[in-house]
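For reference, the structure discussed in these notes is given below.
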Amino acid sequence: MKLLVCIKQVPDMESKFKVGAEGLWYDRHDLAWLMNEYDEYGVEQAVQLKEQTGADLTVLSIGPEQVKETIKKALAMGCDRGVHIVDDQAHLKDPFEIASMIAEFAGDKGFDLIFTGMQSQDRGSAQVGVMVAELLTIAAVTTVVDFAFVDGQVTVKRELEGGVKAKVASKLPVLITCQLGLNAPRYPTLPNIMKAKKKEMLSLPATDLRKAAALQETMKIEFPAKRSGGLFLEGEVASIADRLIRILKEKTTVLA
Amino acid sequence: MKMLLVAEYRQGELLESYTELLAFAGIMGAESAMFLTAGTAGELPKFSGRLYLAEVAEFGEYNPDVHKQLLLEVVEKEHPEMIVFSHSSYGWDLAPRLAVSLKAGQISEVVALQDGALVAPVCNGKLRRTMKSRGRITVVTLQAGAFGLADAAVGVPTVIPVTGNAKGNIDLQGYEMAEHGGVDLSKAEIIVSAGRGVGKPENIALVAGLAKALGGEYGASRPVVDSLWVEHNRQVGTTGLTVSPKLYVACGISGAVQHLAGMKKSEFVVAINTDKDAPIGDMADVFAVADLKQLLPLLIEKLQAL
Ligand SMILES: Cc1cc2nc3c(=O)[nH]c(=O)nc-3n(C[C@H](O)[C@H](O)[C@H](O)COP(=O)(O)OP(=O)(O)OC[C@H]3O[C@@H](n4cnc5c(N)ncnc54)[C@H](O)[C@@H]3O)c2cc1C
Ligand SMILES: Nc1ncnc2c1ncn2[C@@H]1O[C@H](COP(=O)(O)O)[C@@H](O)[C@H]1O
């Protein structure tokens, strides 16, 4: 069995963001970079399935040189080989272009199961996974919070709104988009980080896979207008505590 | 502009979110038709226009490959310039399939319009982008709650049955309901919620302690529940509970839309967060820029001394 997991490198969402020079995306300088949270669940599930079945597991990421660090983390978590599609302009590509590159790579490899995140934390389009499946004409199930592979079939739970879950079964090949809480992603151990350094890392230039053009364009990126009215309390913690209690007494009835 | 709105039906019921699609179409000044897979004998959306109705007994509530094929037939007849979904478990699953089939650009989680272009959040709402599709057709998903009708929806649609022999590749085996045991946060008047900013499970005690000192209950954001630090029946948000207390204190919660959706009806909101730019600031009446590990013990002590 052959497995693929797609991961994206994203900035820490607690970063102080700035608008980039072109005005089309955030400034990529001076940010701390991490594996997209949703993709961590994808990697963990793929590694668990590898442990269960002995499958071969490839991890893929599209982006500039620095995304290798995130691929290495996935290798240390247990993926067998990394594929880095080198693209310094990946952040300006739309979901269809990214999906087309992944599909172009995966097209002749016969993956039985593909894992992606439900969405990327920065762009949050929730499109790439489903689009890859469509381009490969395989089944896709989104927003998965529970996964089992038994008797050659995948049985999952999709999370719906309000705490309801839908049980869905699918035959292979299938693409799964992973939702938060699907599993408990492991931390790479030091020995595994060392082992990962020796694992295969394939680099492919994006131009080799780029066949599709963008379907959408960004006019601009900006900070949303702040809703005014909120009061900011800053300074010494003790003083913040006193001011907060005074406000609760004046503005609410909860301390009455 | 011609629009095709895709309404939702789940567990035997038409979802109210179709009114948000209508509100969006209204703002765009569009002429809209609607698509719905539902029990044809049941309740229908209230609007005046063509309703393409597929029988749920035949095509299933969730069978995206089949629904895509049915929708493609409707697109052939209607030639819409925009196809609009809710950004929901149904919409974000189905929309990209249609976008690929039609080679149409998809703009996800639209929250506003600006000069005819679509605005969507980036980085948890810290930034927003204005976007356009390049092709003739645009596929759109709308953020839940971003658009609403001022008045109740009215009208009776002209029903056009949709048939076909589309086959899908997945099998919906049933639903599993959330367990609501023990506390009922939806009735609580004071809620103090823990977010990932609490850092470790031991600090939940601080949040629960503040809730107790205020005479309320404690809740949590999703990552805290996913980490099993707090039970699911205390999760606030789209995939948890909707609450409307007199006071909501968000401790170490960034304010993702899915969390805000569950607590935005709170009367008074206090945010305690080290990141002054956290989007929870949009919802907060008071924003204490502080480390909760320092502020909470002090608050508890001072409240107990009152
Ligand atoms: C389909 C879907 C459904 C979802 N449903 C829900 C839902 O029902 N409920 C929900 O909550 N989420 C839901 N989510 C997840 C949501 O998108 C966010 O990931 C989540 O709400 C983030 O939780 P958080 O704010 O606790 O964590 P984070 O976003 O990680 O924020 C942590 C915050 O803590 C602050 N902080 C850090 N340290 C400290 C400190 N010492 N003192 C004070 N502040 C500190 C940080 O500045 C940051 O703002 C859903 C997501 C999806 C895709
Ligand atoms: N640059 C990328 N490289 C590899 N995978 C990606 C990339 N961008 C998105 N993905 C995958 O697609 C998922 C959904 O992303 P998005 O459609 O951007 O919300 C992510 O969780 C990843 O699994």
| Of everything in segment A:123-141 that's within 16 Å of ligand 1 (Cβ to nearest atom) and outside any strand (DSSP E or B), which residue is farthest from B:His67 (Cα to Cα)? | A:Arg123
| query | Does segment B:250-264 contain any residue that is at the interface with chain A (Cβ under 10 Å from one of its Cβ atoms), under 15 Å from A:Ile247 (Cβ atoms), more than 16 Å from ligand 2 (Cβ to nearest atom) and not basic (Lys, Arg)? | reply | no
| query | Can you tell me which residues in segment B:174-225 are polar (S, T, N, Q) and either within 17 Å of B:Met263 (Cβ to Cβ) or under 20 Å from the mean Cα position of the chain (by Cα) (or both)? | reply | B:Ser186, B:Ser193, B:Ser221
| So, of the residues in segment B:293-303 that are touching a residue at least 40 places away in the same chain (Cβ under 8 Å) and either open to solvent by 10 Å² or more (accessible area, probe 1.4 Å) or within 15 Å of B:Gly125 (Cα to Cα) (or both), which turns out to be nearest to ligand 1 (Cβ to nearest atom)? | B:Lys293
| query | So is A:Arg158 away from ligand 2 (no atom under 11 Å from the Cβ), among the basic types (Lys, Arg) and touching a Phe, Trp or Tyr at 6+ places or on another chain (Cβ under 8 Å) or not? | reply | yes
| Cβ-Cβ below 6 Å, separation at least six or inter-chain, first residue in segment B:42-55 and closer than 19 Å to B:Val75 by Cβ, second aliphatic (A, V, I, L, M) and open to solvent by 40 Å² or more (accessible area, probe 1.4 Å): which pairs? | B:Arg50/B:Ile160; B:Leu51/B:Val159; B:Tyr52/B:Ile160; B:Leu53/B:Val159
| remark: For segment B:6-24 the number of residues that are outside any helix (DSSP H, G or I) and either over 17 Å from the mean Cα position of the chain (by Cα) or acidic (Asp, Glu) (or both) is 5
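Looking at B:Val140, B:Val183, B:Val84, B:Val154, which is the one that is within 16 Å of ligand 2 (Cβ to nearest atom) and β-branched (Val, Ile, Thr)?
B:Val140
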| request: Considering each of A:Met77, A:Met35 in turn, give the residue that is within 17 Å of the chain's Cα centre (by Cα), within 16 Å of ligand 1 (Cβ to nearest atom) and among the aliphatic types (A, V, I, L, M). | output: A:Met35
| said: I need a count of the residues in segment B:195-207 that are out of contact with any Leu (no Cβ under 8 Å at 6 or more places or on another chain), among the small types (Gly, Ala, Ser) and crowded, with 16+ Cβ neighbours inside 10 Å. | reply: 1
| said: If the requirement is being within 26 Å of the chain's Cα centre (by Cα), within 12 Å of ligand 1 (Cβ to nearest atom) and open to solvent by less than 30 Å² (accessible area, probe 1.4 Å), which of these qualifies: B:Val257, B:Val286, B:Val236, B:Val269? | reply: B:Val236
| remark: Only unsatisfied item for B:Ala256, checking (1) free of Cβ contacts under 8 Å to residues at least 24 places away in the same chain; (2) under 18 Å from B:Gly199 (Cα atoms), is (1)
| field | Given (1) open to solvent by 50 Å² or more (accessible area, probe 1.4 Å); (2) in contact with a strand residue (DSSP E or B) (Cβ under 6 Å, 6 or more places away or on another chain); (3) in a helix (DSSP H, G or I), index of the condition B:Ile27 fails | value | (2)
| query | Given the residues A:Val168, A:Val154, A:Val144, which is the only one that is farther than 26 Å from A:Asp27 by Cα, within 14 Å of the chain's Cα centre (by Cα) and part of a strand (DSSP E or B)? | reply | A:Val144
| query | Among the residues of segment A:103-141, how many are within 13 Å of chain B (Cβ to nearest Cβ) and more than 13 Å from the chain's Cα centre (by Cα)? | reply | 13
| query | If you scan segment A:46-69, which residues turn out to be among the polar types (S, T, N, Q) and open to solvent by 10 Å² or more (accessible area, probe 1.4 Å)? | reply | A:Gln48, A:Gln52, A:Thr53, A:Gln66
| remark: Selection over segment A:235-252 where residues are at the interface with chain B (Cβ under 7 Å from one of its Cβ atoms), part of a loop (DSSP other than H, G, I, E, B) and out of contact with any Phe, Trp or Tyr (no Cβ under 9 Å at 6 or more places or on another chain) yields a count of 0
| field | Selection count where residues are free of Cβ contacts under 8 Å to residues at least 60 places away in the same chain and surrounded by fewer than 23 Cβ atoms within 10 Å (Cβ to Cβ), scope segment B:70-92 | value | 3
| task | Take segment B:57-81 and flag every residue that is outside any loop (DSSP other than H, G, I, E, B) and within 14 Å of chain A (Cβ to nearest Cβ). | result | B:Pro64, B:Asp65, B:Val66, B:His67, B:Lys68, B:Gln69, B:Leu71, B:Leu72
| message | Looking at segment B:173-191, can you tell me whether even one residue there is open to solvent by 30 Å² or more (accessible area, probe 1.4 Å), hydrophobic (A, V, I, L, M, F, W, C), at pLDDT below 95 and closer than 30 Å to B:Ala41 by Cα? | response | yes
| note | The number of residues in segment B:272-283 that are more than 9 Å from chain A (Cβ to nearest Cβ) and open to solvent by less than 10 Å² (accessible area, probe 1.4 Å) is 1
| said: Tell me the residue from B:Val198, B:Val225, B:Val192, B:Val207 that is within 9 Å of ligand 1 (Cβ to nearest atom), of a type in the set (Val, Ile, Thr) and more than 10 Å from every other protein chain (Cβ to nearest Cβ), please. | reply: B:Val198
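The values are calculated or read from the model by the stated rules, or taken from the named source; none is laboratory data. No experiment lies behind these values; they were computed from the predicted model shown. Methodologically, a virtual Cβ is constructed for each residue, glycine included, from the backbone with ideal geometry; neighbour enumeration extends over all protein chains shown. Ligands, DNA and RNA are stripped out before the accessible areas are found, and what is left, the full protein with its side chains, is counted by its heavy atoms. Shrake-Rupley method; radii C 1.70, N 1.55, O 1.52, S 1.80 Å.
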